[in-house]
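Q: What follows is a structure written as structure tokens; I'll ask about it next.
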Amino acid sequence: MPVARPEPQEPRVIAHVDMDCFYVQVEQRRNPALRGQPTAVVQYNDWKGGGLIAVSYEARGFGVKRSMRGDEAKRVCPGINLVQVPVARGKADLNLYRSAGSEVVAILASKGKCERASIDEVYLDLTDAAKEMLLQAPPDSPEEILIEAAKSNILGLPSDASEKEKIVRAWLCRPDADSEDKLLACGAIIVAQLRVRVLEETQFTCSAGIAHNKMLAKLVSGMHKPAQQTVVPSSSVQDFLASLPVKKMKQLGGKLGSSLQDDLGVETIGDLLSFTEEKLQEQYGVNTGTWLWKIARGISGEEVEDRLLPKSHGCGKTFPGPKALKNSASVKGWLDQLCEELSERIQSDLNQNKRIAQTLTLHARVSKENERDSVKKFPSKSCPLRYGTWKIQEDAMKLFESGLHDFLEYQNTGWSITSLSVTASKIFDIPSGTSSILRYVKGPSSASSPAIPDSSSVPEDPSLDNNVYVTPSNEEQCEPSTSEKEDGKKYSAISAKQCSANEAKRISKKFPEVKGTSSILKFLSRGQSALHEKRKSDGLICSHPGLESSLEASRAEEHNASAQGADRSSTNCGAEPSGSNAWMFNVEDIDPAVVEELPPEIRREIQGWIRPPKQPNTKRRGSTISSYFPPARS
Ligand code: TTP
């Protein structure tokens, strides 16, 4: 449910930029003969000519729509060019479009905080840039306004006037405008400049919305397409929202919007104005009630996040009609392909951006034989993400088996899958301390190895220590128990039933919960038998390999793809670890004098673990971290 965010004190200038018929433009750049022609990009699927996923504005003029398939589009527009998306591993390969989107983002991000919202849209916070323009070079001469800015659509101004451009020029330079409108005018000019640069440098056109918040900017960016921009002055907000159907608002597209229509008779955002905040809170809870009350007034405090990279990576494939998957072997074949692509993408994110994904989720659309209309959905399943292609493949297959088990509810019946996808989410930047501590914590065997890239080993969330599969609360779980995590969200987890409770307690006592510094602790806790928890739940087994085995697997994968098979057989899930290379440490064994010599960020982290001071533990147990920290010289 949406929640109201606190509004900033000062007015902001926010833009939402959305590429026009994006995949088509990318294909037109690859093949300029397609420019200006009715063109559509079709999904990789030959059934009825494939589903259209992007349609050029020329084709739209003939009545071609995205909901059509290629055959129908040809009937409507015989001259249409249908371009199939590039294919890899038997499915659409979107890399071409992703990197084209990145080209655009690189340009747009030059003027302020930039949030990449999808493959072809971004939010920009241009407040600072607009303030600077207002201070240093305010628009004061209508004739000098950039033509692209003069073509802006400004809500509240006559849009079909023969002198529209002249009116817009005058509006952008009004000396008597209030400071909000003046900032907005500067924002409109900056966005126009950016759009011109995008066109010059990438050959792509885009459309944009410019307003005082994200919500309004997004709502208007698609209002005048292609290659145009729309500005929302504060004075026109009420009129605009008065006629805006509730379902047009992203968060109101589903059940909440339906409830507003059915339960309160609200058809437009403006209709919400007739309800008090208390009434809306009574109906939808305090947070959502306040959010609704605010959006009715065009108020939204949501900030533009500073994020140029995607929040998650997903790979999916649909299997329509006769292509539906009906046995585990075919599911495994496809899951392997999807996981291979996912693994490549998260590995490249790790190498290029030093980001780690924590959670692997499997989604599927499944129906039972003879029960095509069943309302029961296949439950999405998640687990901690282990890096390495075959590990992801293995875990994804287990998630599938677990989901199928829950879905079938012990019925011995056939099933049929029409879509499968795997997602890597909860991506975070590697804390700088983590990468540096790796140099200190390499096990004995790796010490003699060539330098291992810091990115080759991936820590996991320590809070998952005693949990095997974890899913956000909006996903179904295998066997729910609920725990509150640091970020305040509720997570449900499966307790490791087969893992002895005593052992679990022993581990958690030894490795105290450390807030905000999950990575290193988890990393270090992956030693010996304690970290090779074997867990079974609903037929699932999951073992957490130690540092060394994960390093080795990563290395093997990086340097010798053909060794994967052998690697896989030697590290089967549930198999005992080789042990010789794995190790662990006790917090109690860390010599405080040595900690003082560590880089500050690691020092802070380790000090967090050992505070309050523990009783000195003189008992040495095998390989401990203290073996690798020589005592400080006195
Ligand atoms: P959109 O921004 O929704 O649409 P668009 O850019 O094609 O056209 P518009 O000018 O109306 O914004 O989607 C961006 C790209 O994402 C689109 O070019 C193709 C892809 N896409 C899909 O693959 N499947 C889909 O269902 C949708 C909606 C988009």
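The values are calculated or read from the model by the stated rules, or taken from the named source; none is laboratory data. This structure is a prediction, so every number in the text was calculated from the model and none was measured. Positions of Cβ are generated from backbone atoms using ideal geometry, with glycine treated the same way; all protein chains shown enter the neighbour counts. For the accessible areas, the whole protein counts, side chains as well, though only heavy atoms, and no ligand, DNA or RNA atoms are used. Shrake-Rupley method; radii C 1.70, N 1.55, O 1.52, S 1.80 Å.
Q: Please name whichever of Asn412, Thr423, Ser330 sits farthest to the positive end of the charge dipole of segment 313-429, dipole taken about the Cα centre and charges placed at Cβ: Lys and Arg +1, Asp and Glu -1.
A: The residue sitting most towards the positive pole is Thr423.
Q: Right, here's the next one. Could you provide, to the nearest whole Å², the per residue accessible area of segment 313-429 with probe 1.4 Å? Spell out each step's value before the answer.
A: Working: 4730 Å² over 117 residues.
Using a 1.4 Å probe on heavy atoms only, each residue of segment 313-429 averages 40 Å².
Q: Just to make sure I understand: if all protein chains stay in place, what is the order of Arg60, Arg169 by accessible area at 1.4 Å, largest first?
A: Details: Arg60 105, Arg169 40 Å².
Most to least solvent-accessible, the answer reads Arg60, Arg169.
Q: Cβ under 15 Å from Thr39's Cβ, Thr39 left aside: what net charge do those residues give with Lys, Arg +1 and Asp, Glu -1? Please report the intermediate quantities before stating the final value.
A: Working: positive: Arg29, Arg30, Arg35, Arg60, Lys65, Arg66, Lys74; negative: Asp20, Glu27, Glu58.
Once all neighbours under 15 Å are counted, the net charge is +4.
Q: For segment 138-213, what is the relative contact order in percent, using Cα pairs closer than 8 Å and at least 6 residues apart in sequence?
A: On the way: 63 pairs, mean separation 24.4, N = 76.
Dividing the mean separation by the residue count of segment 138-213 yields 32 percent.
Q: Quick one: pull the percent of accessible area on segment 313-429 belonging to carbon and sulfur, 1.4 Å probe, ligands and nucleic acids left out.
A: Values: 2310 of 4730 Å².
Exposed carbon and sulfur together represent 49 percent of the surface.
Q: Could you state the accessible area per residue of segment 98-239 in Å², with a 1.4 Å probe and every protein chain left in place?
A: Values: 6040 Å² over 142 residues.
Counting only protein heavy atoms, the per-residue value for segment 98-239 is 43 Å².
Q: How charged is the neighbourhood of Ile189? Take every other residue with its Cβ under 15 Å from the Cβ of Ile189, and add Lys/Arg as +1 and Asp/Glu as -1.
A: On the way: positive: Lys111, Lys131, Lys151, Arg169, Arg174, Lys182, Arg195, Arg197; negative: Asp128, Glu132, Asp140, Glu143, Glu144, Glu148, Glu165, Asp181.
Its environment carries a net charge of 0.
Q: Excluding Trp293 itself, what net charge comes from residues whose Cβ is under 13 Å from its Cβ, given Lys and Arg +1 and Asp and Glu -1? Kindly include the intermediate steps, with their values, before the conclusion.
A: Numbers: positive: Lys279, Lys294, Arg297; negative: Glu7, Asp271, Glu277, Glu278, Glu282.
Taking every other residue near Trp293 into account, the sum is -2.
Q: Could you report the accessible area of Ser243 in Å², rounded to 10, computed with a 1.4 Å probe on the protein chains as they sit in the structure?
A: 80
Q: Same structure, new question: If R₀ is 35 angstrom, what is the calculated FRET efficiency for the pair Lys326 and Arg66, using the beta carbon separation as r and rounding to 0.05? Could you put the intermediate results ahead of the total?
A: Details: r = 29 Å, r/R0 = 0.84.
Using R0 = 35 Å, I get an efficiency of 0.75.
Q: Can you tell me the length gained on complete extension of the stretch Val76 to Ser416, counting 0.36 nm per residue apart and subtracting the Cα distance?
A: Values: separation 340, 0.36 × 340 = 122.40 nm, distance 3.34 nm.
Gain in length upon complete extension: 119.1 nm.
Q: Could you work out the relative contact order of segment 21-89? I mean the mean sequence separation of Cα pairs under 8 Å and 6+ apart, divided by the number of residues, in percent.
A: This gives 33 percent for segment 21-89.
Q: Suppose accessible area is computed on protein heavy atoms with a 1.4 Å probe; arrange Trp390, Trp293 from highest to lowest.
A: Values: Trp390 10, Trp293 70 Å².
Final ranking, largest accessible area leading: Trp293, Trp390.
Q: Between Glu344 and Ala177, what is the label-to-label distance in nm when each label sits 7 Å out along the Cα-to-Cβ direction?
A: In this crude spin-label approximation the distance works out to 4.8 nm.
Q: Still on this structure: Stretch Asn287-Arg365 to full length: gain in nm at 0.36 nm per residue minus the Cα-Cα span?
A: 24.9 nm
Q: I've got another one for you. Is the shape of segment 21-89 rounded, prolate or oblate, going by the alpha carbon gyration tensor and its root eigenvalues a ≥ b ≥ c, with a/c under 1.5 for rounded and a/b larger than b/c for prolate? It would help to have the intermediate numbers written out before the result.
A: On the way: a/c = 1.80, a/b = 1.02, b/c = 1.77.
Verdict is oblate for segment 21-89.
Q: Further, regarding this structure: How high is the FRET efficiency from Asp128 to Lys248, r the C-beta distance, R0 51 Å, rounded to 0.05?
A: 0.95
Q: If you rank Ser328, Ser380 by how much accessible surface each has, with a 1.4 Å probe, what is the order from largest down?
A: Numbers: Ser328 60, Ser380 25 Å².
I get Ser328, Ser380, largest accessible area first.
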